[in-house]
1. Out of C:Ile171, C:Ile177, C:Ile186, which single residue is within 14 Å of chain A (Cβ to nearest Cβ), modelled with pLDDT under 95 and crowded, with 17+ Cβ neighbours inside 10 Å?
2. Confirm whether B:Ile153 is modelled with pLDDT of 95 or more and either assigned to a helix (DSSP H, G or I) or open to solvent by 30 Å² or more (accessible area, probe 1.4 Å) (or both).
3. Within 14 Å of chain A (Cβ to nearest Cβ), hydrophobic (A, V, I, L, M, F, W, C) and either crowded, with 17+ Cβ neighbours inside 10 Å or in contact with a helix residue (DSSP H, G or I) (Cβ under 6 Å, 6 or more places away or on another chain) (or both), is that true of C:Ala199?
4. If you take the residues in the stretch B:50-66 that are assigned to a helix (DSSP H, G or I) and more than 14 Å from chain C (Cβ to nearest Cβ), which one is nearest to ligand 3 (Cβ to nearest atom)?
5. Is there a residue being within 14 Å of chain B (Cβ to nearest Cβ) and buried (at least 23 other Cβ atoms within 10 Å of the Cβ) anywhere in the stretch F:4-13?
6. Which residue, of C:Ala291, C:Ala273, C:Ala253, is under 22 Å from C:Trp151 (Cβ atoms) and either within 16 Å of ligand 2 (Cβ to nearest atom) or hydrophobic (A, V, I, L, M, F, W, C) (or both)?
7. Which one is least open to solvent (accessible area, probe 1.4 Å) among residues in the stretch C:156-168 that are part of a helix (DSSP H, G or I) and modelled with pLDDT of 80 or more?
8. Could you list, in sequence order, all residues of the stretch F:65-87 that are within 16 Å of ligand 3 (Cβ to nearest atom) and within 10 Å of chain D (Cβ to nearest Cβ)?
Amino acid sequence: MEGTLALAADNLTSPIILFFVLGVAAAFARSDLSIPEAIAKGLSIYLLFAIGFKGGASVANHGVDATLVLSLVAGIILSFVLPLVAFGLLRVMSRLSVTDAAAVAGHYGSISIVTFVAATSVAESAGLSPEGYMVAVAAVMEAPAILSALWIIARSGQQSGEMEQGLVREILLNGSIVLLVGSFLIGGITGDEGMAMIAPFIEEPFQGVLCLFLLDMGLVAGRGLREAKSVLTAGLFAFGVVMPLIGSVFGLAAGLALGLSTGGVLLFMTLAASASYIAVPAAMRVALPEANPSIYLTLSLGVTFPFNLTLGIPIYLALSQTLTGG
Amino acid sequence: MEGTLALAADNLTSPIILFFVLGVAAAFARSDLSIPEAIAKGLSIYLLFAIGFKGGASVANHGVDATLVLSLVAGIILSFVLPLVAFGLLRVMSRLSVTDAAAVAGHYGSISIVTFVAATSVAESAGLSPEGYMVAVAAVMEAPAILSALWIIARSGQQSGEMEQGLVREILLNGSIVLLVGSFLIGGITGDEGMAMIAPFIEEPFQGVLCLFLLDMGLVAGRGLREAKSVLTAGLFAFGVVMPLIGSVFGLAAGLALGLSTGGVLLFMTLAASASYIAVPAAMRVALPEANPSIYLTLSLGVTFPFNLTLGIPIYLALSQTLTGG
Amino acid sequence: MEGTLALAADNLTSPIILFFVLGVAAAFARSDLSIPEAIAKGLSIYLLFAIGFKGGASVANHGVDATLVLSLVAGIILSFVLPLVAFGLLRVMSRLSVTDAAAVAGHYGSISIVTFVAATSVAESAGLSPEGYMVAVAAVMEAPAILSALWIIARSGQQSGEMEQGLVREILLNGSIVLLVGSFLIGGITGDEGMAMIAPFIEEPFQGVLCLFLLDMGLVAGRGLREAKSVLTAGLFAFGVVMPLIGSVFGLAAGLALGLSTGGVLLFMTLAASASYIAVPAAMRVALPEANPSIYLTLSLGVTFPFNLTLGIPIYLALSQTLTGG
Amino acid sequence: MQTHKAKRVEIIIESIMEDRLSAALIKAGVTGFSVLPVLGGSGRSGHWSGEGQVSRAGGMVNVVCIVRPERVDSLLDAAFEVVDRHIGVVSVADCEVLRAERF
Amino acid sequence: MQTHKAKRVEIIIESIMEDRLSAALIKAGVTGFSVLPVLGGSGRSGHWSGEGQVSRAGGMVNVVCIVRPERVDSLLDAAFEVVDRHIGVVSVADCEVLRAERF
Amino acid sequence: MQTHKAKRVEIIIESIMEDRLSAALIKAGVTGFSVLPVLGGSGRSGHWSGEGQVSRAGGMVNVVCIVRPERVDSLLDAAFEVVDRHIGVVSVADCEVLRAERF
Ligand SMILES: Nc1ncnc2c1ncn2[C@@H]1O[C@H](COP(=O)(O)O)[C@@H](O)[C@H]1O
Ligand SMILES: Nc1ncnc2c1ncn2[C@@H]1O[C@H](COP(=O)(O)O)[C@@H](O)[C@H]1O
Ligand SMILES: Nc1ncnc2c1ncn2[C@@H]1O[C@H](COP(=O)(O)O)[C@@H](O)[C@H]1O
Ligand code: NA
Ligand code: NA
Ligand code: NA
């Protein structure tokens, strides 16, 4: 417990979190600090490229086994199921319309890749070596939640749930999934040799790039919070903190059932706990344009993301260490 | 021979090629994966900056000799001559109009700097150390081919060949030539000292940046191929594969006549074999707007570039090794 | 003296200066070489992030003392005072209107962060280790000069000096100040541990990124000079060379009075000698739209910046070494 | 210079709907259009800006389409289908064009 | 398709004045506007280009604002206040819009 | 607010021709213009997009030029010279401007 607190405190003063805080503060103070859109996209391409490749190279090193496949299946199931849990919770905790609640729920079934990266750093600092294929689990968890959200709408009799032709392909082939999976496969195929070639690009500068990216996320989250103060009721705020904890318990159960390593359990918890802010918002704008984007973006990026970053991950680490005895 | 096959196989599974394939595949699958224009330009600036500087620093180390000057002259002559060969071939192998054929021909006299970079990597893996000034040869080969193409048009009595005032200056001072030559000169002037300062920027991350750039090229090439399927007749496709082989023979002859090292011969072959997709298309849009850009872009980026990357370079390497005894 | 000349010569052939020269030359030759706006902004974000963080980490290492606070105060005072000196000088040396002269004066009280970075490199090559908090001094010197310039206008009875509500906040919270100060604080908080994490991002590639940024500055300066030849009278040109020398004497006095190290004195001289080309121009466009931007941009970026880069810094180094006995 | 009457239709629409709008325009027989970037804006749903955005959810684009007057109705019908449930603005103005054979 | 008369106001203004213009427009009761980037241009004060620029001093943006005809005067008054001392161009044209309830 | 009649000319042209068009416009006595980016588009020569492009061959820009009505003919003549052999669209519309002394 003490260890957890110390770690949480340590975590709170890591450059990554401090740059996020700097971004939020700058946005609240209405500074004109901003990262050009192309640069922000470039940073995100770098991160997906790097973690995909590293995951693949690590799988190439450790070999593929049944647990990989089972983990992917478990990830897909979680991504389908968590939106139902989130939707139920939202109907209790908030007064969102069915459409808004379904849209929010979709975000919590899916994942946030930066939260995943932050948890990976924490795992490494704690001396853990999570399974490399957790990156692939992250990738497969991006999309199913969107289908769940649309199914909720369809069942509720709302007109907007109809699945437009092309949407599923668009969701499954969205850029971040393709880049993550593609880099993972290439890392897997080229293994140590490939890694030797590009390690100086994807390993050494990684933490620094991550800091800049979190600065950008802080700026965007801060701007969003400033604009959307009104939509953030106490109930919704509570949901943004409680839902990741609930999600993490699902992730914990899955990780333990699969017999993952301590680090693997931590990452599974983090994936289940995190909420999407890239892929799912885009899909929701197409499929559920009536849902209010400032609700789901504020919750995901402005509440759940910083919660996971600061308190969530240390809690998940403590739990995973205690329960796996790792 | 076996060595060549092994190398070709090895080459086919290098991260560089796999990222190109990923890009093409993503484009064909209509994924929305894309690299922002500013980032793609930034990557290309980085590559020109890095290879120019490295080439210059290497010349500073090895001293300038007559072969440098003769190589530049040979490069210029090749760049003037190859379009004539290409034009003749196109008139036989395809039904392109004079204008379209001349425009395509201009691309094949000029060079592709990324193909050059890929060949340099292969040379290094094979333990070769090509002459540093081959970068300067690449630079001088960019432009003459454009003048050849316009001369073909002028001779054919087509109206559009007239040389607009300012065009020649524009061609000779285009951004990529200036950056490449400028970095080469600065590398040459600052030598080892300069290299020590910026090596961590231009050497270590180089292969990783190259992977990202090839991903982008794959995306662009794939999009182009998808759109331009109709223009790509069997004859044109064959030209896109045969012409680099013919070009490489010219490069081989030049390299041997100049007495270059094995690596130098390989690079000369690669330059002669490669087709421009940055500088020449831009010049053609100004000077020959009637020529159909989807023909020359598809051939250069969609056929010849991947051919050189996968099969061409290993063939050129085998030939240069056999014939120089290197 | 001889040492200074040798150093100046050495300095003139550093990659940093040569890339600036390449940019100016390319612009004069009307090459289409250009760095996309987003990339230029990205490079500048990287530089601010890196030097802020390094400064903070160095302060964390060496501890905070009274000199830090006194240096900040001295910097603020200099930034307030130098525009008055510059304004007086301009009224003597040029025929600028009160508005134009005040606008120019504001630039010379503020600072150029790239000049600061270049001086830091020179300091390091000379074996000096300047106080890490000089970065913070740079940050506090950005804004006061703007207020001075507006006060000069207000006093002169010109209508345009009135301080629009919101302008002061905008000036103090402009992006580059926030990023520099924020990174400085985060570097200070996370210290060696933070540095260990992101050093491979902010230290190794730094010089290379700086070269690219100076290429861009050369391009922009060259374009500006080409367009604005007419505004650059002999008197103004002389001002652009004399004012940094005068400023450096103020910086020297401050540095000596504070008892800074030789490197610290050099940096203080450089800050006082340098002229803003990012923050102050933006503020002037808002507050003094009647002032002609091509005058102040040409002077600051086209005359004073290259002067400091090539001759100024070696002079300041020689003086600071002689007078501190360092 | 000889000019010809035409209509300039400008559609400000979410980026994520761009492909669907293009497809609809082409289906409606439009011979050409251009897509211009939009940096930010303000409307009933609040303020937005593309700065620092990674997701494609937020941004908008301005699709400019110059057509012969007789084609404008089918164009607007096609655009309306796509824009209908979405935020965005559709405007039409008179203009004249050179080289009418291109439209 | 049913359309409604409106005015399209386009204001080319320095980027650094964008926030002030937005605020003024909103104060003048404008319900929406979009900001488009400008890459460069030329005018009495010479040629400019955003290429390679780091400072916000140089650039301009094009603010597009579609309003009901009766609102155009207060909009122009508001815009004029901001543009007054600054470089920039304000133009107004007639147009028609779909979904008039949005304006 | 007092406004003055003017013409708004918008020329969508290949980026590589931008310098030549600028020069021609200035030669034709145009006092100002602005260049806006175009992200992509579609026309008789197919679909294009600037995404990921490194070459300047592909892209287009939208040159906006507001002029007094009496200047529009010489402007169009100048633009036509440049656009003639190239792809691109030239349109002219009526508008009103503030601060007519600037045109
Ligand atoms: N009247 C308008 N003129 C120009 N752009 C508008 C207008 N109304 C809305 N927009 C654009 O469309 C977006 C969404 O508008 P709304 O649906 O009203 O929130 C805004 O953020 C603007 O970018
Ligand atoms: N007539 C015009 N049409 C379009 N844009 C213009 C016009 N005049 C000026 N501009 C834009 O406004 C900027 C400043 O104009 P000026 O104040 O005349 O220097 C120019 O650089 C152009 O971007
Ligand atoms: N009717 C139009 N409206 C707007 N833009 C057009 C139009 N026609 C062509 N364009 C633009 O001009 C480019 C070339 O057109 P085209 O010459 O028809 O292939 C297209 O890709 C569009 O960007
Ligand atoms: Na989740
Ligand atoms: Na060639
Ligand atoms: Na100064």
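The values are calculated or read from the model by the stated rules, or taken from the named source; none is laboratory data. Because the structure is predicted, anything quoted here is derived from the model rather than measured. A quick note on method: Cβ atoms are made from the backbone with ideal geometry, for glycine too, and the neighbour counts reach across all protein chains shown. Remember, those area values only see protein heavy atoms, side chains included, never the ligands or the DNA or RNA. Shrake-Rupley method; radii C 1.70, N 1.55, O 1.52, S 1.80 Å.
1. Values: C:Ile177 fails: modelled with pLDDT under 95; C:Ile186 fails: modelled with pLDDT under 95.
None of the others qualify; the one that does is C:Ile171.
2. On the way: modelled with pLDDT of 95 or more: no; either assigned to a helix (DSSP H, G or I) or open to solvent by 30 Å² or more (accessible area, probe 1.4 Å) (or both): yes.
Criteria not met by B:Ile153.
3. Values: within 14 Å of chain A (Cβ to nearest Cβ): yes; hydrophobic (A, V, I, L, M, F, W, C): yes; either crowded, with 17+ Cβ neighbours inside 10 Å or in contact with a helix residue (DSSP H, G or I) (Cβ under 6 Å, 6 or more places away or on another chain) (or both): yes.
Yes; evaluated as a whole, the condition is true for this residue.
4. At the first step, the residues of the stretch B:50-66 found to be assigned to a helix (DSSP H, G or I) are B:50-62, B:66.
Among the residues that remain, those that are also more than 14 Å from chain C (Cβ to nearest Cβ) are: B:55, B:58-59, B:61-62, B:66.
Values: B:Gly55: 38, B:Ser58: 44, B:Val59: 44, B:Asn61: 49, B:His62: 49, B:Ala66: 50 Å.
My answer is B:Gly55.
5. yes
6. Numbers: C:Ala273 fails: under 22 Å from C:Trp151 (Cβ atoms); C:Ala253 fails: under 22 Å from C:Trp151 (Cβ atoms).
From the options C:Ala291, C:Ala273, C:Ala253, the qualifying one is C:Ala291.
7. Initially, the stretch C:156-168 is screened for residues part of a helix (DSSP H, G or I), giving C:159-161, C:167-168.
With the extra rule that they be modelled with pLDDT of 80 or more, the set shrinks to C:167-168.
Numbers: C:Leu167: 4, C:Val168: 58 Å².
In this case the residue turns out to be C:Leu167.
8. First, pick out the residues of the stretch F:65-87 that are within 16 Å of ligand 3 (Cβ to nearest atom): F:79-80, F:82-87.
Listed by number, the residues that qualify are F:Ala79, F:Phe80, F:Val83, F:Asp84, F:Ile87.
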